[in-house]
Amino acid sequence: MEFLVGSVWAAGLAIGIAAFGCGIGQGLGLAGAMSGISRNPEAAGKIQVNMLIGLAMIESLCIYALVVSLILMYAHPALKGVIAAVAGH
């Protein structure tokens, strides 16, 4: 049971750290894009396309961390007993 609790804590920390890092990365990317657009408004189209692609790549890293966290929590062998006890089977 301690291993299950450790897995849940690890999953929570993993998604928390990933979301924190992705938020900082997206904020810095957006700040850089806005700075570039304000300095050169004619290049706004190219900057915006590249910014959106970069934000999508950063967001995919957070989604990968979410998937790993969900695997840590729900694909655990000790969890079958917990689910059976909660469900009443």
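Tabulated data
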{"read-out": "From the options Ile71, Ile58, Ile63, Ile53, residue that is more than 30 Å from Gly36 (Cβ to Cβ) and among the aliphatic types (A, V, I, L, M)", "value": "Ile71"}
{"read-out": "Yes/no for Ala85 being more than 30 Å from Val5 (Cβ to Cβ) and modelled with pLDDT under 95", "value": "no"}
{"read-out": "Residues within the stretch 33-42 that are without any contact (Cβ under 8 Å) to a residue 12 or more places away in the chain and touching a helix residue (DSSP H, G or I) at 6+ places or on another chain (Cβ under 7 Å), tallied", "value": "2"}
{"read-out": "Among (1) within 23 Å of Leu72 (Cβ to Cβ); (2) free of Cβ contacts under 8 Å to residues at least 40 places away in the same chain; (3) in contact with a helix residue (DSSP H, G or I) (Cβ under 7 Å, 6 or more places away or on another chain), the one test that Ala18 misses", "value": "(2)"}
{"read-out": "Lone qualifier among Leu79, Leu70, Leu55, Leu30 - being over 30 Å from Trp9 (Cβ atoms), touching a residue at least 24 places away in the same chain (Cβ under 8 Å) and in contact with a helix residue (DSSP H, G or I) (Cβ under 8 Å, 6 or more places away or on another chain)", "value": "Leu30"}
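The values are calculated or read from the model by the stated rules, or taken from the named source; none is laboratory data. Small disclaimer: the values here were computed from a predicted structure and weren't measured. Ideal geometry is used to build each Cβ from the backbone, glycine not excepted, and the neighbour counts take in all protein chains shown.
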